[in-house]
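Since every read-out is calculated from the coordinates, none of them should be taken as a lab result. No experiment lies behind these values; they were computed from the predicted model shown. Backbone-built Cβ (ideal geometry, glycine too); neighbour counts: all protein chains shown.
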Amino acid sequence: MRKLSIAELEAHHRGPTFTSVLPGHVVQKGGFRVYAEPNFRTHDEPGRHVHTVPEIFVIVQGNGAIEVDGNEVEKFRAGEAVLFEPGEDHHLISRGDEPLIFVWMHLEPVS
């Protein structure tokens, strides 16, 4: 898991390539989510939640905790991007009073 400030992303980002986040990767798929409930935990199905590709969350609004392999390891807030590596069991937990809003993207290597 790696956390970045959106301000750290280089200004040349256009299109699907994420060179300063994960060199050599592009967006495979993604979405936009809004969760109004406090203490909401993403991917709250039973068992581990992992992917075979990296996943990045760009936090638009809200704050909370980052959970990796069942442990809260760090906090997040609006204006940050959180990158999870393939195979990491990962979740975001909303801890604020305002809704948690984020964009998620699965990344894949450029072929």
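Summary of values
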| item | result |
| --- | --- |
| Scan of the range 32-62 for residues that are in a strand (DSSP E or B), crowded, with 17+ Cβ neighbours inside 10 Å and of a type in the set (A, V, I, L, M, F, W, C), ordered by number | Ile56, Phe57, Val58, Ile59 |
| Single match in Gly79, Gly87, Gly64, Gly96 (criterion: within 20 Å of Lys29 (Cα to Cα), in contact (Cβ under 8 Å) with a residue 24 or more places away in the chain and among the small types (Gly, Ala, Ser)) | Gly87 |
| All positions within the range 64-101 that are polar (S, T, N, Q) and buried (at least 18 other Cβ atoms within 10 Å of the Cβ) | Ser94 |
| Strands (runs of 3 or more DSSP E) completely within the range 63-111 that count 1 or more residues being closer than 16 Å to Phe32 by Cβ | 80-84, 90-94, 100-109 |
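Residue-by-condition table, conditions (1) of a type in the set (D, E, K, R); (2) more than 23 Å from Glu8 (Cβ to Cβ):
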position	(1), (2)
Val50	no, yes
Val58	no, no
Ile66	no, no
Leu92	no, no
Glu98	yes, yes
